[in-house]
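*Asks:* Could you have a look at this structure, given as structure tokens, before my questions?
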Amino acid sequence: MACIKYFLSETKPTLRPEDIKSVAKLALLEDIGQGDITTQLSIPKNILIKSAIIAKESFLVCGIALAAKVFKTVDPSLKFTPKVKDGEQVFNQKNLVIISGRAASILTAERVALNLLSFLSGVATKTNKFVKKIEPFKTKITDTRKTIPGLRQLQKYAVRVGSGYNHRMRLDEMVLIKDNHLKIMGSYSQLPDVPKGCKIEIETQNLKEFIRALSFKPDIIMLDNMNIHDISRAVKIRNNLRNNCRACNTILEASGGIHLGNVKKYAATGIDIISIGELTDSVESVDISLEVL
């Protein structure tokens, strides 16, 4: 068994071509079915138009390549000209993309492309709000596995576009001993043997559990649903171990009940990571539209 390494990767956000292709294909099949009846009956095949995807509010763009793949899958002859890049801040009435070609093809691809682009931009925008909220602290904002099935790669890409970080991408990336594991095990007297290079994390819910977990010197300890006072104490205990020349490279992660209204207070404790499920499981898509020019 080998662990996949994505945790807190500093690499530039990228989307794998195979993920773009598969999502575009499945989404179009779901939306079109056996054909776009309305367009087929009302729009002659030879009519050519120019159209634009336009921002209707301020947000951080994410998903341009995916939108391009949707249009090109419907009709490879369409001309797709981006006016912005992923990670760019845009404002109301900004043209994001110009699409030229067969009117019927553009109309057929429109909804799927807009859905994906607006959704991923929503993820990136929300993530960036959290990141900016905790400046100038060194705490990292990360996502969780609370993603929409089939869209994890895309959502986690959007988190990175928003200047956040990815926690574990899949279950094979790292060992994370959570509360349910501990309930079934009863307790633990030693950490499991893990593949070389594989990180191990232990979830704790109070200071007593934290101190016990810290004695095993895991790579990461999660402070789950702990109050700010106890998180501050946990950080001081860990820091004292470091300052007393006792090897302690354990990273501390806060999770649970953290939102834009209180995230800065959590960051001020000196916590290393704040993981937030809201980045991917409670997303409001941004407002964009496609208009014929």
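*Asks:* Looking at segment 211-234, which of the residues that are at pLDDT 95 or above and more than 26 Å from the chain's Cα centre (by Cα) is surrounded by the most Cβ atoms within 10 Å (Cβ to Cβ)?
*Replies:* Of everything passing the filter in segment 211-234, Ala234 is surrounded by the most Cβ atoms within 10 Å (Cβ to Cβ).
*Asks:* (1) in a loop (DSSP other than H, G, I, E, B); (2) at pLDDT 95 or above: which one isn't true of Lys12, the others all being true?
*Replies:* Going through the list (1) in a loop (DSSP other than H, G, I, E, B); (2) at pLDDT 95 or above, Lys12 breaks only (2).
*Asks:* Given the options Ala103, Ala55, Ala113, Ala27, name the one that is buried (at least 16 other Cβ atoms within 10 Å of the Cβ), over 23 Å from Leu279 (Cα atoms) and hydrophobic (A, V, I, L, M, F, W, C).
*Replies:* Ala103
*Asks:* Now for a different question. Scan segment 99-108 and tell me whether some residue there is more than 30 Å from Val175 (Cα to Cα) and either in the same structural domain as Arg170 (by TED's automatic domain parsing) or in a loop (DSSP other than H, G, I, E, B) (or both).
*Replies:* Within segment 99-108, not a single residue is more than 30 Å from Val175 (Cα to Cα) and either in the same structural domain as Arg170 (by TED's automatic domain parsing) or in a loop (DSSP other than H, G, I, E, B) (or both).
*Asks:* While we're here: Taking segment 238-263 on its own, how many of its residues are in contact with a Leu (Cβ under 7 Å, 6 or more places away or on another chain) and hydrophobic (A, V, I, L, M, F, W, C)?
*Replies:* Number of matching residues: 3.
*Asks:* Can I ask one more? Among the strands (runs of 3 or more DSSP E) contained in segment 197-293, which hold 1 or more residues that are free of Cβ contacts under 8 Å to residues at least 24 places away in the same chain, touching an Asp or Glu at 6+ places or on another chain (Cβ under 9 Å) and closer than 24 Å to Thr144 by Cα?
*Replies:* 200-204
*Asks:* So the check is Cβ under 6 Å with 6+ separation or different chains; which pairs have a first residue in segment 125-144 that's free of Cβ contacts under 8 Å to residues at least 24 places away in the same chain and on the phi < 0 side of the Ramachandran plot and a second one that's buried (at least 16 other Cβ atoms within 10 Å of the Cβ) and of a type outside the set (Asp, Glu)?
*Replies:* Hits for this filter: zero, empty list.
*Asks:* Could I ask something else about it? Residues Lys133, Lys146: which one is surrounded by fewer than 18 Cβ atoms within 10 Å (Cβ to Cβ), closer than 18 Å to Arg168 by Cα and in contact with a helix residue (DSSP H, G or I) (Cβ under 7 Å, 6 or more places away or on another chain)?
*Replies:* Lys146
The values are calculated or read from the model by the stated rules, or taken from the named source; none is laboratory data. Just so it is clear, the structure is predicted and the values come from calculations on it, not from any experiment. Note that each Cβ is placed from the backbone with ideal geometry, even for glycine, and that neighbours are counted across all protein chains shown.
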